[in-house]
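All remarks here apply to the structure that follows.
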Amino acid sequence: MDTDTAQGPELVLQGKFTDAATRATCRRDSPPADDEGIVRIPVSMVEQIRRACDAAEAAGTQL
């Protein structure tokens, strides 16, 4: 978690870039903002992401 941002605390996620077809579909269905990217996050990361969200919530951070 990055707590030192102008917008307030944010989770920082890392993933692999998607292929061109997936990016095209995502852009059609939900266009990302200019400062956003489309990445894949392995299902094996779900539990770690859940724990990070739980820890942020316990610390009083609204996500």
Please work out if Cys53 is among the hydrophobic types (A, V, I, L, M, F, W, C) and in contact (Cβ under 8 Å) with a residue 40 or more places away in the chain. yes
Looking only at the stretch 1-50, how many residues end up being hydroxyl-bearing (Ser, Thr, Tyr) and in contact with an Asp or Glu (Cβ under 7 Å, 6 or more places away or on another chain)? 0
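From the list Arg28, Arg50, pick out the single residue that is within 15 Å of the chain's Cα centre (by Cα), open to solvent by 90 Å² or more (accessible area, probe 1.4 Å) and not hydrophobic (A, V, I, L, M, F, W, C). Lay out the reasoning, then the answer.
On the way: Arg28 fails: within 15 Å of the chain's Cα centre (by Cα).
Every option except Arg50 fails the conditions.
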Which of the residues belonging to the stretch 9-63 are of a type in the set (S, T, N, Q) and in a loop (DSSP other than H, G, I, E, B)? Gln14, Thr18, Ser30, Thr61, Gln62
With the structure loaded, tell me whether Ser44 is of a type in the set (Gly, Ala, Ser) and open to solvent by 90 Å² or more (accessible area, probe 1.4 Å) or whether it fails that test. yes
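On the basis of being modelled with pLDDT under 90, open to solvent by less than 90 Å² (accessible area, probe 1.4 Å) and not basic (Lys, Arg), does Thr5 make the cut?
yes
The values are calculated or read from the model by the stated rules, or taken from the named source; none is laboratory data. Since the structure is predicted, the reported quantities are computational estimates derived from the model, not experimental observations. All Cβ positions, glycine included, derive from the backbone under ideal geometry; neighbour counts span all protein chains shown. Surface areas here come from the heavy atoms of the whole protein model, side chains and all, with no ligands, DNA or RNA. Shrake-Rupley method; radii C 1.70, N 1.55, O 1.52, S 1.80 Å.
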